[in-house]
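Worksheet: the structure to be examined is printed underneath.
The values are calculated or read from the model by the stated rules, or taken from the named source; none is laboratory data. None of the values given here were measured: they were computed from a predicted structure. Cβ: placed from backbone, ideal geometry, glycine included. Neighbour counts: every protein chain shown. Keep in mind that these areas ignore ligands, DNA and RNA; they rest on the heavy atoms of the full protein, side chains included. Shrake-Rupley method; radii C 1.70, N 1.55, O 1.52, S 1.80 Å.
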Amino acid sequence: MLDGEGFRLRSFLEELVAADELARITTPVDLIDVGAQLEGNPRAVLFDRVGPEKVELVGNVMGSRQRLAMALGVEQHQLIHEVVRRAANPIQPVSVTTAHAPVHEVVLQGDEVDLTRLPIHLQHTGDGAPFISAALDFSPKQANGVFNVGCRRLMLRGPRQTGIDLNSPSDLRAQLEVARAEGRRLPVAFAIGSHPCDYVAATMLSSVDDELALVGAMRGAPLPVVAAVSQDGLVVPADAEYVIEGYLDGNDIRREGPYGEFLGYLGETKLNPVFHVTAVTRRRDALFQTATISGRNLEHTDTAQLVALATEVNVWSALRGAVRNPVAVHAPPASGGMYNVRVALRQQYPGEARNAIAAAFGSKADIKNVFIVDEDIDVMSDSQLEWALATRFQPARDLVIGTGFRAVPIDPSLNGIRTGDKAGFDLTRPFGEMETGRWQVAEAPTTRNGQGTTSSVLGALRDGPLTYWELMTACGSRDGREIARALSSAAETGEVVLRDDGRYGRP
């Protein structure tokens, strides 16, 4: 029997407490105040008593790279490579019975179901209704016994109905179109309250056919699944906090939204299908979850962090086939996690920076701007990127512009056009001149312990020219001023000169 607690959301919160990554609010909080408490908050937040029901609600669990790394048990710099490694090793799910499924401890069906009794809060002032924002969808793929997993938002429409956004291309949208053409409904379940590993899997663009196995891959353990209580042919995560079961009817299309989108702006209303709820199941001590999205502080939102990680994984995969030595990739969450990407290279041949730009343009991620730097630049550092942009870039020479690319429709800068532009910024130094001449970075002198190799400046210069720091090292100097005195005396007698390259040497 599988452990139903190892990948429980509540268990992960205990790890966040130990790492001081969780803020806890023990006083009663009205639902209208939840959004303000989460906005721009660098930590996850657990509300002990929200709404008149005084139930538990947690938000912003995945709103930092550190917390995503913790979920996978690695350091931040290892995160991309760990996700790539795990994605290559899918782990098939394991079926359990209702008796061993914590999510079936409480089962509500028919008229017992009332979504308006759940702590679903209004997240943004312009939203069309409260939204369930942390929903993972589980649906069967066409007649092949495998399942699709995705991440959705659900607009509260009433006790047993929600809206769902399926405007963008997705597996779930494709499945619904097939079901509609065949004159049937599509069974779907949504898990609310899941381990971060599950969200990482749900947001990956992967070639794994059965995405339940991809969830297992991200966990590093099989996902326990149980048969849905109200929809035939559907399975759900047995260790989730809540599951909402129901179906989509491709002929029941209504206006949905608006909602604050992942780029920070309020979206438009859209025509979307209605999700009809047939059951709600949960743990006895279930913990409801909300995901942060949109606003001015995208770097502290669940959505931007998840999108950034997925973007980095996709770009890294594209780079591996285009250049010999990619070093690092970073998609800043402040740009929504998708539109701006930084790539560090160890260039082996001239032109590799342009290859990297082309690879990023053609990756699965819908990148808009890509910045290519040398390996000496830390792609996680805003200040180092600004430095590289200011000192290693000439627009007429180093800017690559492409037009007519696939674009994300909610990008407000498109002005309604269906395709968009991309820009590549080559911020690398000329090939072969990495650490020479004008590209030599001014570094602070390092301390070297031990005695020098000679007691005099002239003795140090016997084997060739040296910089002032090299002279200090050779003479074992911890001060340096005595080197200036010795050089002055030697210059007066014509025994030492300062060369054009800044080193001291014999005439």
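When you restrict to C-alpha pairs under 8 Å that are six or more residues apart and normalise by the size of the chain, the relative contact order lands at 12 percent. Kirkwood radius for region 440-480, taken over all pairs of different Cα atoms as the inverse mean of 1/r, rounds to 10.7 Å. Tell me, what % of the accessible area of the chain is carbon and sulfur with a 1.4 angstrom probe? Carbon and sulfur: 49 percent of the exposed surface of the chain. Taking the centroid of alpha carbons for each part, region 444-507 and region 55-113 are 62 Å apart.
Pairwise Cα distances in region 227-285 exceed 13 Å in 70 percent of cases.
Consider all pairwise Cα distances in region 1-136 and report the whole-number % of them above 24 Å.
45 percent
Calculated accessible area for the chain comes out at 46 Å² per residue, all protein chains present (probe 1.4 Å; ligands, DNA, RNA ignored).
According to the Kirkwood relation over distinct C-alpha pairs, the hydrodynamic radius of region 154-305 is 16.8 Å.
On the principal axes of its alpha carbon atoms, region 356-507 extends 76, 30, 21 Å, with the longest extent given first.
In the chain, the DSSP beta bridges split such that about 75 percent are antiparallel, to the nearest 5. Using the Karplus relation 6.51 cos²θ - 1.76 cosθ + 1.60 with θ = phi - 60°, the per-residue 3J(HN,Hα) values for region 231-247 come to 10, 5, x, 10, 10, 9, x, 6, 10, 5, 6, 10, 9, 10, 9, x, 8 Hz, with x marking Gly and Pro.
All C-alpha pair distances within region 180-232, sorted into 5 Å bins from zero, spread as 4, 15, 23, 21, 17, 13, 4, 1 percent across the bins.
Rounded to the nearest 10 degrees, the inclination of helix 9-18 to the longest alpha-carbon principal axis of the chain is 30 degrees.
How do 471-482, 328-339 rank on mean C-beta neighbours within 10 Å, highest first?
Per-residue mean Cβ counts within 10 Å order the peptides as 328-339, 471-482.
Expressed as a whole percent, how much of the Cα-Cα distance distribution for region 377-427 exceeds 17 Å?
On the way: 666 of 1275 pairs.
Everything past 17 Å amounts to 52 percent.
A convex hull fitted to the Cα coordinates of region 288-436 yields 126 cubic angstrom per residue. Once Rg and the Kirkwood radius are both taken over the C-alpha atoms of region 100-230, their ratio Rg/Rh works out to 0.95. Calculated FRET efficiency, Thr453 to Met380, Cβ-Cβ distance, R0 = 51 Å: about 0.85 to the nearest 0.05.
Distance from the C-alpha centroid of region 117-163 to that of region 34-52: 20 Å, rounded to the whole angstrom.
Return the Rg/Rh value of region 1-78, two decimal places, where both radii are evaluated on C-alpha atoms and Rh is the Kirkwood radius. We get a ratio of 1.02 for region 1-78.
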